[in-house]
Amino acid sequence: MKWTWWKVLTVVCLLYSAVAGFLLPVPRLAIVNESIRNLYFHVPMWFAMMVILGTSVFRSMQYLRNPSARLDILSHEAAKSGIVLGLLGLATGSLWAKYTWGAWWTPDPRLNAAAVAMLIYGAYLVLRGSFRDEQQRARVSAIYNIFAFAAAIPLLFILPRLAGNSLHPGQTGNPGFNKYDLDSTMRLVFYPAVIGWILFSFWMTQVGSRLAFLQLKLDEK
Amino acid sequence: MRPETEPPSVPLLREISTLLAKDFRLEWRQRAALGGLLLYVGSTVFVCFLSFSLRGGTPPPPAWNALLWVILLFAALNAVAKGFMQESPGQRLYYYTLVRPQAVILAKILYNALLLTAVALLGLFLYTVFLGNPIQDAPLFVANLLLGAVGFATTLTLVSGIAAKAGGNGATLMAILGFPLMVPMLLLLIKVSKNALDGLDRGVSQQSLLTLLALNMLVGAVSYLLFPFLWRG
């Protein structure tokens, strides 16, 4: 393993956010209570998912400009990391919903949007699986990746705001989480957690890509 | 990289109208597909009618609304699916040498939009005949229906092109690829059509309608940009 500075930063940030996230004081809010600590995990996971999925789309665009097996692998692995983080985000969100709203899943616009995003990327994987020819697969899945991102992802941010009756924080106009993050001790943990999870998503993608590159080399022999 | 064909001297609009005329002619020659589509809509509406008549009469408005959109969604999927899939690779290569890919996708979207508009209006007509008409704001409802038909066409056209490339089980793949993409659009459509059913003030639906319009244009623009790459294979 290469110990570059950003990997050290990832480990430090994630360890810090886990330890400090459970130990530092948090504001006492009714209903939410201690479960507010989930903010340090749930929200950064979604941020990291958006960043890594954006990276995947960027790689797909690069692929269409200048096709190469390398860019296809990078885009695919980034999408896979995004799916993992999305599922983690759904799981942590679901837990949080159980203890604050009383149900694992509620028909909230934001939750539905998250589920739709996961379905889209599931479809992306199915699409990849249905090609034999590698170049064809790379090109068509890059096209679907861009199309899906452009058609659906912006809406996942607009729809919850249009609905206007969401339980989920941050749905009215401002993507922030209003009163929850006003507390400065929370920011002290939250920002490092965001950085840590975003870097972690890149790390995960890098490891996956290396494996895929090696596989490619083996296949070429 | 752009496709390296000679830039055709014919204007884009001419190409589109020629392709559109070709699609209509093909559809007319293979009337079985068109008839199949109409029968599909007719028989699903009739099945709904029979099921609801068991409990005497028309469904409650929310069920009426949901069923209408489900019928239209599946009809749209069936209608658009055959668009690219019925063309052979040889045919595609032939068009490739003649016209710009942009003309192909725009003509296809336009064709599908017209086809789906017709199907949606006919579906609505049959539906109201059999299952009653609880709509309180008909102009808004129909406008929303037309936006929906155009939206289904723009979203599904590129998806059908993608599914056609994968070959094999194109129709299944199209459902898998298309449905999640259509959920946001469907949510907006169902919301506006509920407002029209209840006869709410039009100001309530305005924002959703504008979002739908913007979404249609966005999806159309992205299809226009991406299709040349899809076509090159």
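Every number in this text was worked out from the coordinates using simple rules, so none of it is lab data. Please read these numbers as outputs of a predicted model, since none were measured by experiment. Every residue, glycine among them, receives a Cβ derived from its backbone with ideal geometry; neighbour counts consider all protein chains shown.
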Partner chain coverage, peptide A:119-131 - average Cβ within 10 angstrom: 4
Shape category assigned to chain B from the gyration tensor of Cα positions, a/c cut at 1.5: prolate
Ratio of Rg to Rh over segment A:5-220 (Cα coordinates, Kirkwood Rh, two decimals): 1.01
Principal-axis tilt of helix A:184-220 within chain A, Cα atoms, nearest 10 degrees: 20 degrees
Listed pairs B:Lys82/B:Lys191; B:Lys108/B:Lys191; A:Lys98/B:Lys191; A:Lys7/A:Lys221; B:Lys22/B:Lys108; A:Lys80/B:Lys82 exceeding 22 Å between Cα atoms: B:Lys82/B:Lys191; B:Lys108/B:Lys191; A:Lys98/B:Lys191; A:Lys7/A:Lys221; A:Lys80/B:Lys82
Geometric extent, Cα atoms of segment B:149-233 - Rg, Dmax (angstrom): 15.3, 50
Net charge, A:Tyr63 excluded, C-beta distance under 10 Å - Lys, Arg +1, Asp, Glu -1: +3
Formal net charge of residues neighbouring B:Val192 (Cβ-Cβ distance under 14 Å; K, R +1; D, E -1): 0
Largest-first principal axis extents, alpha carbons of the protein assembly as shown, Å: 72, 64, 38
Potential lengthening between A:Tyr16 and A:Leu87 on full extension [0.36 nm per residue; Cα-Cα distance subtracted]: 23.3 nm
Shielding score for B:19-31, defined as the mean number of other chain Cβ atoms within 10 Å: 0
Simple spin-label estimate for B:Ser17 and B:Phe130 in nanometres, 7 Å along Cα-Cβ: 3.9 nm
